[in-house]
Amino acid sequence: MEKTIIINPATDEKVAEYDRITVETAISKIETSNKAYQTWKHKSLEERATLMHKLADVLDENKEEYAQLATTEMGKTIGQSRKEIEKCAWICRYYADNTKDLLANQTVATEASKSYVTFQPIGVVLAVMPWNFPFYQVIRFAAPALMAGNTGVLKHASNVQGCAFALEDAFNKAGFPEGAFTNLNLSAKHVKDVIEDKNIVAVTLTGSDPAGRSVASIAGQNLKKTVMELGGSDAYVILEDADIEKATDLATLGRLQNNGQTCIAAKRFVVLEDIYDAFLESYTKKMKAAKMGEPTDEDAYYGPMARKDLRDELHEQVQKTIKQGGKLVLGGVIPDRKGAYYPATILADLKPGMEGFDNELFGPVASVIKAKDEAEAIALANNSQFGLGSGVITSNKERGEKVALQLEAGSSFVNKLVASDPRLPFGGIKNSGYGRELSGYGIKEFVNTKSIWID
Ligand code: NDP
(Lines give C-alpha, C1' and ligand atoms only; values in the text may rest on other atoms or scores of the structure.)
Protein backbone atom coordinates (compact mmCIF):
# COMPACT_ATOMS: atom_id res chain seq x y z
CA MET A 1 0.00 0.00 0.00
CA GLU A 2 1.22 3.50 -0.86
CA LYS A 3 2.27 5.53 2.20
CA THR A 4 2.50 9.21 3.02
CA ILE A 5 5.77 9.76 4.87
CA ILE A 6 6.02 12.80 7.11
CA ILE A 7 9.50 14.30 7.60
CA ASN A 8 10.14 16.95 10.25
CA PRO A 9 11.79 19.74 8.20
CA ALA A 10 13.77 20.95 11.23
CA THR A 11 15.48 17.61 11.85
CA ASP A 12 15.10 15.56 8.62
CA GLU A 13 13.62 12.79 10.80
CA LYS A 14 10.62 10.71 9.84
CA VAL A 15 7.85 11.48 12.31
CA ALA A 16 4.92 9.50 10.96
CA GLU A 17 3.52 7.57 8.05
CA TYR A 18 -0.05 7.15 6.89
CA ASP A 19 -1.63 4.71 4.44
CA ARG A 20 -2.88 6.38 1.30
CA ILE A 21 -6.42 5.51 0.32
CA THR A 22 -7.33 4.17 -3.09
CA VAL A 23 -9.60 5.99 -5.53
CA GLU A 24 -12.36 3.43 -4.77
CA THR A 25 -12.17 4.20 -1.04
CA ALA A 26 -12.21 7.92 -1.80
CA ILE A 27 -15.32 7.54 -3.98
CA SER A 28 -17.03 5.59 -1.22
CA LYS A 29 -16.17 8.27 1.36
CA ILE A 30 -17.57 10.91 -1.01
CA GLU A 31 -20.75 8.84 -1.27
CA THR A 32 -20.99 8.96 2.54
CA SER A 33 -20.40 12.71 2.41
CA ASN A 34 -23.23 13.07 -0.09
CA LYS A 35 -25.54 11.06 2.18
CA ALA A 36 -24.61 13.36 5.06
CA TYR A 37 -25.38 16.34 2.80
CA GLN A 38 -28.95 15.10 2.21
CA THR A 39 -29.64 15.56 5.94
CA TRP A 40 -27.22 18.38 6.74
CA LYS A 41 -28.76 20.73 4.15
CA HIS A 42 -32.09 20.59 6.01
CA LYS A 43 -30.61 21.43 9.42
CA SER A 44 -31.49 24.87 10.68
CA LEU A 45 -28.83 27.55 10.77
CA GLU A 46 -29.06 27.45 14.56
CA GLU A 47 -28.23 23.73 14.63
CA ARG A 48 -25.28 24.22 12.29
CA ALA A 49 -24.08 27.22 14.31
CA THR A 50 -24.17 25.23 17.57
CA LEU A 51 -21.81 22.64 16.06
CA MET A 52 -19.59 25.33 14.54
CA HIS A 53 -19.26 26.94 17.97
CA LYS A 54 -18.36 23.53 19.39
CA LEU A 55 -15.69 23.15 16.72
CA ALA A 56 -14.22 26.50 17.79
CA ASP A 57 -14.15 25.21 21.38
CA VAL A 58 -12.46 21.96 20.32
CA LEU A 59 -9.81 24.00 18.49
CA ASP A 60 -9.23 26.14 21.57
CA GLU A 61 -9.10 23.16 23.93
CA ASN A 62 -6.60 21.29 21.76
CA LYS A 63 -4.62 24.32 20.68
CA GLU A 64 -1.28 23.14 22.03
CA GLU A 65 -1.56 19.66 20.52
CA TYR A 66 -2.57 20.99 17.10
CA ALA A 67 0.10 23.71 17.18
CA GLN A 68 2.83 21.16 18.00
CA LEU A 69 1.60 18.99 15.13
CA ALA A 70 1.76 21.84 12.60
CA THR A 71 5.23 22.82 13.82
CA THR A 72 6.51 19.23 13.60
CA GLU A 73 5.09 18.63 10.14
CA MET A 74 5.91 21.88 8.34
CA GLY A 75 8.34 23.80 10.54
CA LYS A 76 6.30 26.87 11.48
CA THR A 77 7.51 28.46 14.72
CA ILE A 78 5.43 27.28 17.65
CA GLY A 79 4.10 30.75 18.55
CA GLN A 80 2.79 31.22 15.02
CA SER A 81 1.22 27.75 15.06
CA ARG A 82 -0.72 28.67 18.20
CA LYS A 83 -1.89 31.90 16.54
CA GLU A 84 -3.03 29.88 13.53
CA ILE A 85 -5.27 27.68 15.69
CA GLU A 86 -6.69 30.76 17.44
CA LYS A 87 -7.51 32.28 14.06
CA CYS A 88 -9.30 29.08 13.03
CA ALA A 89 -11.50 29.31 16.12
CA TRP A 90 -12.25 32.96 15.27
CA ILE A 91 -13.34 32.02 11.73
CA CYS A 92 -15.62 29.25 13.05
CA ARG A 93 -17.25 31.66 15.52
CA TYR A 94 -17.54 34.38 12.87
CA TYR A 95 -19.52 32.10 10.55
CA ALA A 96 -21.50 30.56 13.40
CA ASP A 97 -22.62 34.05 14.44
CA ASN A 98 -23.01 35.74 11.06
CA THR A 99 -24.25 33.24 8.48
CA LYS A 100 -27.86 34.16 9.22
CA ASP A 101 -27.19 37.72 8.07
CA LEU A 102 -24.73 36.83 5.33
CA LEU A 103 -27.15 34.40 3.68
CA ALA A 104 -30.39 36.21 4.47
CA ASN A 105 -32.88 36.30 1.59
CA GLN A 106 -32.67 39.48 -0.48
CA THR A 107 -35.98 40.96 -1.50
CA VAL A 108 -35.97 42.48 -4.98
CA ALA A 109 -38.76 44.84 -6.07
CA THR A 110 -40.29 43.62 -9.37
CA GLU A 111 -43.80 43.30 -10.85
CA ALA A 112 -44.22 40.05 -8.89
CA SER A 113 -46.30 39.93 -5.73
CA LYS A 114 -43.13 38.65 -4.12
CA SER A 115 -39.64 38.18 -5.54
CA TYR A 116 -36.38 37.56 -3.79
CA VAL A 117 -32.99 35.88 -3.97
CA THR A 118 -32.24 32.95 -1.70
CA PHE A 119 -28.95 31.10 -1.12
CA GLN A 120 -29.13 27.33 -1.02
CA PRO A 121 -26.41 24.72 -0.49
CA ILE A 122 -25.10 22.79 -3.49
CA GLY A 123 -23.59 19.52 -2.21
CA VAL A 124 -20.16 18.00 -1.56
CA VAL A 125 -17.29 20.44 -2.13
CA LEU A 126 -13.73 19.18 -2.66
CA ALA A 127 -10.91 21.21 -1.10
CA VAL A 128 -7.33 20.74 -2.34
CA MET A 129 -5.20 22.43 0.26
CA PRO A 130 -1.53 23.33 0.89
CA TRP A 131 0.79 22.83 3.82
CA ASN A 132 1.73 26.42 4.66
CA PHE A 133 -1.18 27.04 7.06
CA PRO A 134 -2.26 23.43 7.53
CA PHE A 135 -5.23 24.20 9.82
CA TYR A 136 -6.23 27.70 8.73
CA GLN A 137 -6.41 27.06 4.96
CA VAL A 138 -8.82 24.20 5.59
CA ILE A 139 -11.03 26.04 8.09
CA ARG A 140 -11.15 29.07 5.78
CA PHE A 141 -12.94 26.81 3.30
CA ALA A 142 -14.80 24.47 5.64
CA ALA A 143 -16.43 26.89 8.11
CA PRO A 144 -18.40 28.87 5.48
CA ALA A 145 -19.01 25.85 3.23
CA LEU A 146 -20.56 23.80 6.06
CA MET A 147 -22.47 26.72 7.55
CA ALA A 148 -24.04 27.22 4.09
CA GLY A 149 -25.29 23.61 4.28
CA ASN A 150 -22.71 21.88 2.10
CA THR A 151 -20.43 19.05 3.18
CA GLY A 152 -16.69 18.96 2.49
CA VAL A 153 -13.98 16.49 1.54
CA LEU A 154 -10.33 17.39 1.91
CA LYS A 155 -7.33 16.45 -0.19
CA HIS A 156 -4.62 17.98 1.97
CA ALA A 157 -0.92 18.36 1.12
CA SER A 158 0.92 15.10 1.67
CA ASN A 159 3.43 16.54 4.16
CA VAL A 160 0.72 17.63 6.64
CA GLN A 161 -1.45 14.50 6.80
CA GLY A 162 -1.29 14.49 10.62
CA CYS A 163 -2.95 17.92 10.60
CA ALA A 164 -5.51 16.67 8.07
CA PHE A 165 -6.54 13.77 10.31
CA ALA A 166 -6.51 16.06 13.37
CA LEU A 167 -8.99 18.33 11.59
CA GLU A 168 -11.28 15.43 10.71
CA ASP A 169 -11.09 14.35 14.33
CA ALA A 170 -11.91 17.89 15.51
CA PHE A 171 -15.12 17.95 13.42
CA ASN A 172 -16.07 14.55 14.86
CA LYS A 173 -15.34 15.68 18.43
CA ALA A 174 -17.50 18.76 17.87
CA GLY A 175 -20.39 16.45 16.96
CA PHE A 176 -20.72 17.00 13.23
CA PRO A 177 -22.49 14.07 11.54
CA GLU A 178 -20.37 11.39 9.90
CA GLY A 179 -19.42 12.53 6.41
CA ALA A 180 -19.90 16.25 7.02
CA PHE A 181 -16.15 16.75 6.84
CA THR A 182 -13.87 13.97 5.56
CA ASN A 183 -10.15 13.70 5.01
CA LEU A 184 -9.08 11.85 1.87
CA ASN A 185 -5.44 10.81 2.17
CA LEU A 186 -5.14 10.56 -1.57
CA SER A 187 -2.23 11.02 -3.96
CA ALA A 188 -2.40 14.21 -6.07
CA LYS A 189 -2.46 12.05 -9.20
CA HIS A 190 -5.90 10.75 -8.18
CA VAL A 191 -7.51 14.16 -7.68
CA LYS A 192 -8.77 13.98 -11.29
CA ASP A 193 -10.85 10.85 -10.48
CA VAL A 194 -12.35 12.58 -7.48
CA ILE A 195 -13.25 15.76 -9.39
CA GLU A 196 -14.96 13.61 -12.02
CA ASP A 197 -17.05 11.80 -9.41
CA LYS A 198 -20.74 12.65 -9.79
CA ASN A 199 -21.09 13.57 -6.12
CA ILE A 200 -18.49 16.35 -6.22
CA VAL A 201 -20.18 19.61 -7.18
CA ALA A 202 -17.36 22.14 -6.84
CA VAL A 203 -13.67 22.46 -6.03
CA THR A 204 -11.61 24.99 -4.11
CA LEU A 205 -7.82 24.95 -4.34
CA THR A 206 -5.11 26.87 -2.56
CA GLY A 207 -1.62 26.19 -3.81
CA SER A 208 0.72 26.62 -6.73
CA ASP A 209 -0.01 27.82 -10.22
CA PRO A 210 0.56 24.37 -11.85
CA ALA A 211 -1.73 22.60 -9.36
CA GLY A 212 -4.34 25.32 -9.88
CA ARG A 213 -4.22 25.10 -13.66
CA SER A 214 -4.53 21.32 -13.60
CA VAL A 215 -7.44 21.21 -11.16
CA ALA A 216 -9.27 24.14 -12.78
CA SER A 217 -9.03 22.56 -16.22
CA ILE A 218 -10.30 19.17 -15.05
CA ALA A 219 -13.13 20.86 -13.16
CA GLY A 220 -13.86 22.97 -16.25
CA GLN A 221 -14.11 19.87 -18.42
CA ASN A 222 -16.69 18.60 -15.94
CA LEU A 223 -18.49 21.97 -15.64
CA LYS A 224 -17.80 22.16 -11.92
CA LYS A 225 -17.27 25.50 -10.30
CA THR A 226 -13.84 26.36 -8.87
CA VAL A 227 -12.30 28.92 -6.56
CA MET A 228 -8.54 29.31 -7.03
CA GLU A 229 -6.25 30.88 -4.45
CA LEU A 230 -2.78 30.65 -5.98
CA GLY A 231 0.57 32.31 -5.54
CA GLY A 232 1.46 35.94 -5.13
CA SER A 233 4.38 38.32 -5.29
CA ASP A 234 2.90 41.12 -3.22
CA ALA A 235 4.52 44.50 -3.74
CA TYR A 236 4.77 47.14 -1.02
CA VAL A 237 5.32 50.68 -2.23
CA ILE A 238 7.49 52.53 0.30
CA LEU A 239 6.94 56.23 -0.34
CA GLU A 240 9.64 58.81 0.44
CA ASP A 241 7.62 60.17 3.39
CA ALA A 242 7.49 56.74 5.10
CA ASP A 243 8.82 56.23 8.61
CA ILE A 244 11.79 54.05 7.72
CA GLU A 245 11.85 52.19 11.05
CA LYS A 246 8.19 51.31 10.71
CA ALA A 247 8.67 50.31 7.07
CA THR A 248 11.58 47.98 7.86
CA ASP A 249 9.81 46.49 10.90
CA LEU A 250 6.89 45.58 8.66
CA ALA A 251 9.17 44.38 5.86
CA THR A 252 11.06 42.08 8.25
CA LEU A 253 7.93 40.55 9.75
CA GLY A 254 6.21 40.41 6.37
CA ARG A 255 9.05 38.50 4.76
CA LEU A 256 9.97 36.16 7.61
CA GLN A 257 6.73 35.18 9.29
CA ASN A 258 5.65 31.63 8.53
CA ASN A 259 9.28 31.14 7.44
CA GLY A 260 8.56 33.24 4.37
CA GLN A 261 5.96 30.83 3.02
CA THR A 262 2.75 32.83 2.85
CA CYS A 263 0.86 33.58 -0.34
CA ILE A 264 0.13 37.13 0.87
CA ALA A 265 3.62 37.73 2.26
CA ALA A 266 5.31 41.01 1.43
CA LYS A 267 7.72 39.83 -1.27
CA ARG A 268 8.71 42.86 -3.38
CA PHE A 269 9.58 46.18 -1.77
CA VAL A 270 9.39 49.06 -4.23
CA VAL A 271 11.23 51.92 -2.53
CA LEU A 272 11.44 55.52 -3.71
CA GLU A 273 15.02 56.53 -4.49
CA ASP A 274 15.18 59.34 -1.89
CA ILE A 275 15.04 56.78 0.93
CA TYR A 276 16.31 53.68 -0.90
CA ASP A 277 19.75 53.52 0.74
CA ALA A 278 18.43 54.30 4.22
CA PHE A 279 15.70 51.65 3.83
CA LEU A 280 18.19 49.04 2.68
CA GLU A 281 20.60 49.77 5.53
CA SER A 282 17.92 49.54 8.23
CA TYR A 283 16.28 46.51 6.58
CA THR A 284 19.57 44.62 6.33
CA LYS A 285 20.26 45.17 10.04
CA LYS A 286 16.85 43.86 11.05
CA MET A 287 16.81 40.85 8.73
CA LYS A 288 20.30 39.95 9.98
CA ALA A 289 19.22 40.25 13.62
CA ALA A 290 16.12 38.03 13.21
CA LYS A 291 16.91 34.70 14.84
CA MET A 292 16.68 31.59 12.68
CA GLY A 293 16.19 28.62 14.97
CA GLU A 294 14.41 25.43 15.85
CA PRO A 295 10.69 26.05 15.32
CA THR A 296 10.03 24.77 18.84
CA ASP A 297 12.35 27.46 20.25
CA GLU A 298 10.01 30.14 21.61
CA ASP A 299 12.58 32.83 20.75
CA ALA A 300 13.09 31.85 17.12
CA TYR A 301 11.91 34.53 14.71
CA TYR A 302 11.75 32.00 11.88
CA GLY A 303 12.48 28.31 11.37
CA PRO A 304 13.11 25.98 8.45
CA MET A 305 11.17 25.85 5.22
CA ALA A 306 8.58 23.10 4.88
CA ARG A 307 10.58 20.73 2.65
CA LYS A 308 14.13 20.48 1.34
CA ASP A 309 13.04 20.39 -2.31
CA LEU A 310 11.26 23.73 -1.79
CA ARG A 311 14.37 25.16 -0.08
CA ASP A 312 16.60 24.01 -2.94
CA GLU A 313 14.26 25.50 -5.56
CA LEU A 314 14.31 28.82 -3.70
CA HIS A 315 18.11 28.77 -3.61
CA GLU A 316 18.21 28.21 -7.36
CA GLN A 317 15.94 31.22 -7.83
CA VAL A 318 18.29 33.33 -5.70
CA GLN A 319 21.31 32.17 -7.73
CA LYS A 320 19.52 32.91 -10.98
CA THR A 321 18.57 36.41 -9.84
CA ILE A 322 22.20 37.16 -8.92
CA LYS A 323 23.39 35.93 -12.32
CA GLN A 324 20.84 38.25 -13.93
CA GLY A 325 22.38 41.26 -12.15
CA GLY A 326 20.50 41.30 -8.83
CA LYS A 327 22.64 42.36 -5.86
CA LEU A 328 22.93 39.93 -2.94
CA VAL A 329 22.92 42.11 0.16
CA LEU A 330 22.34 39.45 2.82
CA GLY A 331 22.08 35.66 3.14
CA GLY A 332 21.91 33.48 0.05
CA VAL A 333 23.94 30.59 1.49
CA ILE A 334 22.45 27.26 2.54
CA PRO A 335 23.49 26.75 6.17
CA ASP A 336 25.55 23.73 7.14
CA ARG A 337 23.02 22.07 9.42
CA LYS A 338 20.27 19.48 9.33
CA GLY A 339 16.84 20.53 8.12
CA ALA A 340 15.37 22.64 5.32
CA TYR A 341 16.78 25.91 6.63
CA TYR A 342 17.37 28.96 4.46
CA PRO A 343 18.64 32.25 5.89
CA ALA A 344 16.97 35.64 5.70
CA THR A 345 18.12 36.92 2.32
CA ILE A 346 17.91 40.31 0.60
CA LEU A 347 18.23 40.80 -3.14
CA ALA A 348 18.46 44.47 -4.15
CA ASP A 349 18.38 46.58 -7.32
CA LEU A 350 15.96 44.13 -8.94
CA LYS A 351 14.36 44.91 -12.28
CA PRO A 352 11.66 43.35 -14.44
CA GLY A 353 13.03 40.31 -16.24
CA MET A 354 14.93 39.06 -13.20
CA GLU A 355 13.72 35.90 -11.45
CA GLY A 356 13.29 37.62 -8.07
CA PHE A 357 11.16 40.32 -9.69
CA ASP A 358 9.04 38.20 -12.03
CA ASN A 359 8.36 35.07 -10.01
CA GLU A 360 7.20 34.20 -6.54
CA LEU A 361 9.95 33.60 -3.96
CA PHE A 362 8.22 31.30 -1.47
CA GLY A 363 10.67 31.57 1.42
CA PRO A 364 12.62 34.14 3.47
CA VAL A 365 13.99 36.11 0.50
CA ALA A 366 13.13 39.78 -0.05
CA SER A 367 13.29 41.57 -3.40
CA VAL A 368 14.11 45.27 -3.14
CA ILE A 369 13.41 47.51 -6.13
CA LYS A 370 14.23 51.18 -6.65
CA ALA A 371 11.70 53.61 -8.16
CA LYS A 372 12.35 57.23 -9.10
CA ASP A 373 8.90 58.49 -8.14
CA GLU A 374 5.41 57.45 -7.05
CA ALA A 375 4.16 56.83 -10.60
CA GLU A 376 7.08 54.56 -11.42
CA ALA A 377 6.67 52.74 -8.11
CA ILE A 378 3.02 51.98 -8.91
CA ALA A 379 3.97 50.81 -12.42
CA LEU A 380 6.68 48.51 -11.02
CA ALA A 381 4.35 47.13 -8.35
CA ASN A 382 1.76 46.37 -11.04
CA ASN A 383 4.34 44.86 -13.39
CA SER A 384 3.59 41.33 -12.20
CA GLN A 385 1.79 38.22 -13.35
CA PHE A 386 0.30 38.09 -9.82
CA GLY A 387 -2.26 40.22 -8.03
CA LEU A 388 -3.01 38.85 -4.58
CA GLY A 389 -2.18 41.47 -1.95
CA SER A 390 -0.30 44.77 -1.98
CA GLY A 391 0.66 47.56 0.38
CA VAL A 392 1.71 51.15 0.77
CA ILE A 393 3.86 52.64 3.53
CA THR A 394 3.57 56.39 3.95
CA SER A 395 3.05 59.03 6.64
CA ASN A 396 0.18 60.47 4.60
CA LYS A 397 -2.92 58.26 4.82
CA GLU A 398 -4.79 60.08 2.04
CA ARG A 399 -1.89 59.68 -0.33
CA GLY A 400 -1.59 56.05 0.75
CA GLU A 401 -5.24 55.43 -0.08
CA LYS A 402 -4.83 56.99 -3.53
CA VAL A 403 -1.88 54.71 -4.26
CA ALA A 404 -3.69 51.68 -2.78
CA LEU A 405 -6.58 52.21 -5.20
CA GLN A 406 -4.16 52.04 -8.14
CA LEU A 407 -2.49 48.76 -7.16
CA GLU A 408 -3.64 45.73 -9.15
CA ALA A 409 -4.42 43.20 -6.42
CA GLY A 410 -7.27 41.61 -4.46
CA SER A 411 -6.38 43.76 -1.46
CA SER A 412 -4.25 46.80 -0.66
CA PHE A 413 -3.31 47.73 2.89
CA VAL A 414 -1.90 51.10 3.94
CA ASN A 415 0.70 51.06 6.76
CA LYS A 416 -0.16 47.48 7.68
CA LEU A 417 0.77 44.07 6.38
CA VAL A 418 -1.94 42.39 4.35
CA ALA A 419 -3.69 39.89 6.59
CA SER A 420 -6.80 37.82 6.04
CA ASP A 421 -9.79 38.67 8.20
CA PRO A 422 -13.07 36.73 8.17
CA ARG A 423 -14.97 40.02 7.82
CA LEU A 424 -13.25 40.94 4.54
CA PRO A 425 -13.06 39.10 1.22
CA PHE A 426 -9.77 37.39 0.41
CA GLY A 427 -8.47 36.38 -3.01
CA GLY A 428 -6.63 37.56 -6.06
CA ILE A 429 -6.64 38.62 -9.68
CA LYS A 430 -4.35 37.68 -12.62
CA ASN A 431 -2.36 34.48 -11.96
CA SER A 432 -3.14 34.70 -8.25
CA GLY A 433 -6.46 33.07 -9.03
CA TYR A 434 -10.13 33.97 -8.89
CA GLY A 435 -13.08 33.85 -6.59
CA ARG A 436 -13.12 35.02 -3.00
CA GLU A 437 -12.90 33.37 0.39
CA LEU A 438 -14.08 34.65 3.78
CA SER A 439 -16.79 37.26 4.50
CA GLY A 440 -20.17 37.20 2.75
CA TYR A 441 -18.42 36.99 -0.62
CA GLY A 442 -16.66 33.76 0.35
CA ILE A 443 -19.70 31.96 1.72
CA LYS A 444 -21.64 32.82 -1.46
CA GLU A 445 -19.09 31.06 -3.73
CA PHE A 446 -20.54 27.63 -2.95
CA VAL A 447 -24.28 28.26 -2.90
CA ASN A 448 -27.05 28.25 -5.45
CA THR A 449 -27.99 31.92 -5.76
CA LYS A 450 -31.61 31.27 -6.56
CA SER A 451 -34.32 33.65 -7.76
CA ILE A 452 -37.86 33.13 -6.46
CA TRP A 453 -40.81 34.81 -8.18
CA ILE A 454 -44.39 34.58 -6.89
CA ASP A 455 -46.69 36.10 -9.49
P1 NDP B 1 1.26 22.44 -4.59
O2 NDP B 1 0.42 23.43 -5.25
O3 NDP B 1 1.91 21.41 -5.41
O4 NDP B 1 0.38 21.70 -3.46
C5 NDP B 1 -0.85 22.19 -2.98
C6 NDP B 1 -1.87 21.08 -2.94
O7 NDP B 1 -2.19 20.68 -4.28
C8 NDP B 1 -1.39 19.82 -2.24
O9 NDP B 1 -2.49 19.22 -1.61
C10 NDP B 1 -0.91 18.97 -3.40
O11 NDP B 1 -0.87 17.60 -3.07
C12 NDP B 1 -1.95 19.28 -4.43
N13 NDP B 1 -1.53 19.10 -5.81
C14 NDP B 1 -0.33 19.33 -6.36
N15 NDP B 1 -0.35 19.11 -7.68
C16 NDP B 1 -1.60 18.72 -7.98
C17 NDP B 1 -2.26 18.34 -9.19
N18 NDP B 1 -1.63 18.35 -10.36
N19 NDP B 1 -3.55 17.99 -9.13
C20 NDP B 1 -4.19 18.01 -7.96
N21 NDP B 1 -3.64 18.35 -6.79
C22 NDP B 1 -2.36 18.71 -6.80
O23 NDP B 1 2.34 23.17 -3.73
P24 NDP B 1 3.81 22.68 -3.33
O25 NDP B 1 3.75 22.03 -2.03
O26 NDP B 1 4.51 21.92 -4.40
O27 NDP B 1 4.52 24.10 -3.25
C28 NDP B 1 5.07 24.64 -4.44
C29 NDP B 1 4.78 26.09 -4.58
O30 NDP B 1 3.38 26.34 -4.51
C31 NDP B 1 5.34 26.98 -3.52
O32 NDP B 1 6.69 27.21 -3.70
C33 NDP B 1 4.47 28.20 -3.66
O34 NDP B 1 4.92 28.99 -4.72
C35 NDP B 1 3.13 27.63 -4.01
N36 NDP B 1 2.24 27.54 -2.85
C37 NDP B 1 1.32 28.52 -2.67
C38 NDP B 1 0.51 28.49 -1.58
C39 NDP B 1 -0.50 29.54 -1.34
O40 NDP B 1 -0.88 29.76 -0.20
N41 NDP B 1 -1.02 30.17 -2.38
C42 NDP B 1 0.61 27.44 -0.56
C43 NDP B 1 1.59 26.43 -0.86
C44 NDP B 1 2.37 26.50 -1.96
P45 NDP B 1 0.51 16.88 -2.65
O46 NDP B 1 1.03 17.57 -1.45
O47 NDP B 1 0.09 15.49 -2.39
O48 NDP B 1 1.43 17.04 -3.84
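Assorted remarks:
- Verdict on Thr39 being over 30 Å from Tyr302 (Cα atoms) and either at pLDDT below 95 or among the polar types (S, T, N, Q) (or both): yes
- When residues in the range 85-97 are screened for being open to solvent by less than 70 Å² (accessible area, probe 1.4 Å) and either without any contact (Cβ under 8 Å) to a residue 40 or more places away in the chain or not in a helix (DSSP H, G or I) (or both), 1 of them pass.
- Hits in the range 219-238 - residues which are in a loop (DSSP other than H, G, I, E, B) and free of Cβ contacts under 8 Å to residues at least 24 places away in the same chain: Leu223
- For the residues Ala188, Ala180, Ala145, Ala202, the requirement of being surrounded by fewer than 24 Cβ atoms within 10 Å (Cβ to Cβ) and more than 11 Å from the ligand (Cβ to nearest atom) singles out Ala202.
- Checking each residue in the range 352-373 for being within 13 Å of the ligand (Cβ to nearest atom) and open to solvent by less than 10 Å² (accessible area, probe 1.4 Å) picks out Leu361, Gly363, Pro364, Val365.
- In the set Asp241, Asp249, only one residue is more than 16 Å from the ligand (Cβ to nearest atom), in a loop (DSSP other than H, G, I, E, B) and open to solvent by 10 Å² or more (accessible area, probe 1.4 Å); that residue is Asp241.
- The set of residues in the range 162-189 being touching a helix residue (DSSP H, G or I) at 6+ places or on another chain (Cβ under 7 Å) and within 19 Å of Glu17 (Cα to Cα) consists of Gly162, Cys163, Ala166, Leu167, Thr182, Asn183, Leu184, Asn185, Leu186.
- The range 153-167 residues that are within 9 Å of the ligand (Cβ to nearest atom), paired with ones that are acidic (Asp, Glu) (beta carbon under 6 Å, 6 or more apart): Val160/Glu73
- Restricting attention to the range 257-285, the residues that are surrounded by 17 or more Cβ atoms within 10 Å (Cβ to Cβ), farther than 16 Å from Ile369 by Cβ and more than 16 Å from the ligand (Cβ to nearest atom) add up to 1.
- Residue in the range 215-229 that is among the β-branched types (Val, Ile, Thr), more than 14 Å from the ligand (Cβ to nearest atom) and within 30 Å of Ser412 (Cβ to Cβ) present: no
- Phe133 meets the stated requirement of being of a type in the set (A, V, I, L, M, F, W, C), closer than 25 Å to Gly260 by Cβ, within 16 Å of the ligand (Cβ to nearest atom) and not in a helix (DSSP H, G or I).
- Single residue of the range 320-340 satisfying the filter (within 16 Å of the ligand (Cβ to nearest atom) and out of contact with any Lys or Arg (no Cβ under 7 Å at 6 or more places or on another chain)) that is most open to solvent (accessible area, probe 1.4 Å): Lys320
- The range 414-455: number of residues that are surrounded by fewer than 18 Cβ atoms within 10 Å (Cβ to Cβ), part of a helix (DSSP H, G or I) and aromatic (Phe, Trp, Tyr): 1
- Considering residues of the range 287-312 that are of a type in the set (Asp, Glu) and free of Cβ contacts under 8 Å to residues at least 24 places away in the same chain only, the residue most open to solvent (accessible area, probe 1.4 Å): Asp299
- The set of residues from the range 98-111 being crowded, with 21+ Cβ neighbours inside 10 Å and outside any helix (DSSP H, G or I) comprises just one member, Leu103.
- Being within 16 Å of the ligand (Cβ to nearest atom) and at pLDDT 95 or above holds for only one residue in Lys288, Lys308, and it is Lys308.
- Condition met for Arg48 (within 16 Å of the ligand (Cβ to nearest atom) and open to solvent by 10 Å² or more (accessible area, probe 1.4 Å)): no
- Taken over the range 396-413, the criterion of being without any contact (Cβ under 8 Å) to a residue 40 or more places away in the chain, assigned to a helix (DSSP H, G or I) and open to solvent by 20 Å² or more (accessible area, probe 1.4 Å) is satisfied by Lys397, Glu398, Glu401, Lys402, Leu405, Gln406.
- For Glu196, the conditions (1) without any contact (Cβ under 8 Å) to a residue 60 or more places away in the chain; (2) touching a strand residue (DSSP E or B) at 6+ places or on another chain (Cβ under 6 Å); (3) within 18 Å of Val124 (Cβ to Cβ); (4) not hydrophobic (A, V, I, L, M, F, W, C) all hold with the exception of (2).
The values are calculated or read from the model by the stated rules, or taken from the named source; none is laboratory data. Note that the structure is predicted; figures quoted are calculated from it, not measured. Note that we place each Cβ from the backbone using ideal geometry, even for glycine, and neighbour counts take in every protein chain shown. Ligands, DNA and RNA are stripped out before the accessible areas are found, and what is left, the full protein with its side chains, is counted by its heavy atoms. Shrake-Rupley method; radii C 1.70, N 1.55, O 1.52, S 1.80 Å.
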